[in-house]
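First up is the structure itself, then whatever we jot down about it.
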Amino acid sequence: MSQLSSLLHFIYSSPNFVPGIVGVTASFAGAWGAQVSILRREQKREKLASVRAFNEALALSFAIGNNFMSLKSQHLMGMLERFRETEKNVQAHLQRILASKPSDKFEPIACAMELHTLPISKVPIERLETVVFEKITVDTKTLNLVIEIHKAIDALNTSIRTRNELIQKWLGEGPTVNDSVRTIRYLGIHTDKGADETYKQTLFAIEKYCDDCIYFTTRLDVELNKRGNKMRRYRFPFFNPLPQIAEADFSSERAQRLMPDAKEYEDWESGFVKPPTFRDKLTKLVRRKNKKITPPKSPEA
């Protein structure tokens, strides 16, 4: 014990003791500060890459959705409105014929048919899938939105190709088919031989799949913005902030007019259970504590 005391006394009384302690402390502090600085720099680099990936995904999703909004606005809305109006007028005409007397005379069934082809949509859906699936971290609902967009695009293009091929076939028939027969096929009118509703159902399918593309891309924009802002919340000095997460605005009159009815997608939305919030967890805990526990009844009772 005396030897240890002598050693400590010698070290403490040495003129190099205090400078040595200061040097060791300074070296440790410098190394620790350098590691913290490197860690923060790496974290910020990762966050910056994530912000860029979120903004790229938002730009791709917005471009895809805007493409289908343009398709609906420029081609589908007017064509479908005129188709339904023509169908209504022809059905009324047929009802008048059925209610008429044999001596009454009517003009043959005819209507103005819109037989122009529609463009096949070419959008960067593969790039959107790569960014969302590989470069950012999102929840299951967001991943499923991308999957639904791809499915809707494939179905839409298939329906458009079917309609275009049907139109080319009709145009190739030339004058061998009269206007009444074309009208019956165009509107899918029921006859004694049945009804050929291929064109009609294909046209309505195009409308439905286009609405799917619009709805799912706009929902994806909202989810990406929400997830991106949640990821972006990170403590950085105010003088060195991260870029902002882009946000799509669908509040304009044109956008609202092109939006499909959200009620049509309630079943799809209900398939994803929202995670409980802190308030929900706290409420559940309080209710559990306040719940009265009734003792079990005895067998005699």
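The values are calculated or read from the model by the stated rules, or taken from the named source; none is laboratory data. It should be emphasised that the depicted structure is a prediction, and the values quoted were computed from it without experimental measurement. Because the Cβ atoms are built from the backbone with ideal geometry, glycine has one as well, and the counts that use them run over all protein chains shown. What goes into the accessible areas is simple: the full protein's heavy atoms, side chains included, and nothing from ligands, DNA or RNA. Shrake-Rupley method; radii C 1.70, N 1.55, O 1.52, S 1.80 Å.
To the nearest 10, the accessible area of His93 is 40 Å² with a 1.4 Å probe. Per residue, the accessible area of region 112-257 comes to 56 Å², computed with a 1.4 Å probe over protein heavy atoms only. Accessible area per residue was computed with a 1.4 Å probe on protein heavy atoms; Tyr265 scores about 10 Å². Spacing of the modelled spin labels on Lys193 and Leu98, each 7 Å from Cα toward Cβ, amounts to 2.0 nm. Modelled spin-label separation between Ala59 and Asn89, with each label point placed 7 Å from Cα along the Cα-to-Cβ direction: 4.7 nm. For region 57-201, the Cα-based Rg and Dmax, in that order, read 21.1, 74 Å.
The simple spin-label model puts a point 7 Å past each Cα toward its Cβ; for Glu264 and Lys44 those points are separated by 4.8 nm. Stretched out straight at 0.36 nm per residue, the stretch from Ala255 to Phe204 would grow longer than its current Cα-Cα span by 16.3 nm.
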